[in-house]
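K.L.:
Next up is a structure, given as structure tokens.
Readers should treat all values here as calculations from the given coordinates under stated rules, not as data from a laboratory. Just so we're clear, the structure is a prediction, and the values are computed from it rather than from any experiment. Heads up, the Cβs are rebuilt from the backbone with ideal geometry, glycines too, and the neighbour counts pull from every protein chain shown.
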Amino acid sequence: MRATARANTNIALIKYWGKRDERLRLPRNGSLSLTLEGLGAETTVEFGACERDRLEIDGRERTGRELERVSALLDLVREQAGLRLGARVISTSTVPLGAGLASSAAGFAALAAAAAAAAGLELSPRELSVLARRGSGSAARSIFGGLVIWHRGSRTDGSDSYAEQLCTPQAWPLAMAIAIIDAGEKAVGSSAGMERACRAPAYLHWEATAESDLLEARRAVAARDFGRLGLLAEASATKMHMTAAAADPPLVYWRAETARLVSRFASWRAEGCEAYFTVDAGPNVAALCRAEQLEEVARRLRAEPGVLRVLCCRAGGGVEILERPAAAGRPAS
Ligand code: PMV
């Protein structure tokens, strides 16, 4: 009962920031992201390979909180499949080492797909997205490629809070250059960060505007209006970081270099290099651009002080199953 899956990470243009249900990982607002080619995780799950769940990531055995989160997701799969077997999970990251981008989005998307396949569950992409969401919110989006929306949903059981593809990478060839300013692990992760930010009065502004920003962004995608989408992405990231900075105690993810980089984009655009920034719960800056300007954007980012390296990614595809149990009767694709 073994299967392997590969998933790419994604970076949100309209951010998910705040949960309305911690256990089910239900978001307070919908979000929109770009899946990135070549930055991700490849994960093998084998049920019955050991008595208790075991987890290895990038060649190192993991225990504690990391293993608990993985086991909790495996429990959901075991429950649906009526299984009681422990699993061996081996995952490797396809994100370059030392990039500071150990994204849970790709990790939990690959885990959900591999675990479901290993257990013989035939889940639709939507059901897979709901499952991946239980591991990490942003993982719901990594099931799909290109531009992806994750619906907030309104049901209390979370069945309508799933992701969906809006646009394939071929239909709108976008890309991202990610400027690494700090490759270390962040002190306050996104879950703890959003929980703290939700209690800040500034969060009211976030809540009042996040869904309408998402609607606008959807319209911009439908119209292939790159400038509009880019400006909405910059606004969403800035607002998200404002809620964090206004929290008690304040949570400042930005470094001086982050602010300096972010301030460069408007003048680059005036010079014809059309890129828009976004910043996740950390100091690194991602630049959204059209695929044909990726090299130019990367060149400009590399020339800025404090930039350690720049990762260049085109829009990538959704989760792929690389190996399925033979009993499933399907050739590996
Ligand atoms: O689901 P998590 O824990 O990866 O949270 C993601 C939070 C942000 O990256 C800041 C925003 C987002 O939508 O990805």
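K.L.:
Taking only Cα atoms of segment 22-85, what ratio of Rg to Rh do you get with Rh as the Kirkwood inverse-distance radius?
P.N.:
Here Rg/Rh amounts to 1.02.
K.L.:
So, by mean Cβ neighbours within 10 angstrom, what's the order for 47-55, 175-183, 267-275 with the highest one leading?
P.N.:
175-183, 47-55, 267-275
K.L.:
Ok, one more. Using all Cα-Cα distances in the chain, what percent lands in each 20 angstrom bin from 0 up to the longest?
P.N.:
33, 58, 9, 0
K.L.:
Rg and Dmax in Å for segment 75-146, alpha carbons only: what are they?
P.N.:
12.7, 40
K.L.:
How would you classify segment 120-208 from its alpha-carbon gyration tensor, with a ≥ b ≥ c the square roots of the eigenvalues: rounded for a/c under 1.5, else prolate if a/b is greater than b/c, otherwise oblate?
P.N.:
On the way: a/c = 1.65, a/b = 1.18, b/c = 1.40.
It comes out oblate by the Cα gyration axes.
K.L.:
7 Å from Cα along Cα→Cβ at both Arg224 and Arg199: what's the point-to-point distance in nm?
P.N.:
4.8 nm
K.L.:
Can you sort Thr9, Thr278, Thr94 by how many other beta carbons sit within 10 Å, fewest first?
P.N.:
Details: Thr9 30, Thr278 25, Thr94 16.
By the 10 Å Cβ count, ascending, the order reads Thr94, Thr278, Thr9.
K.L.:
Could you work out the Rg to Rh ratio of segment 2-171, with Rh taken as the Kirkwood radius (inverse of the mean 1/r over all Cα pairs)?
P.N.:
Answer for segment 2-171: 0.95.
K.L.:
Summing Lys, Arg as +1 and Asp, Glu as -1, what charge do residues with Cβ under 14 Å from the Cβ of Leu294 carry, Leu294 excluded?
P.N.:
0
K.L.:
With Kirkwood's inverse mean 1/r over C-alpha pairs for Rh, give me the Rg to Rh ratio of segment 196-333, two decimals please.
P.N.:
1.08
K.L.:
Here's something else I'd like to know. For Trp254, Trp150, what ranking results if the residue with the fewest other Cβ atoms within 10 Å of its Cβ goes first? Please list the in-between numbers first.
P.N.:
Details: Trp254 18, Trp150 29.
Placing the least packed residue first, the sequence is Trp254, Trp150.
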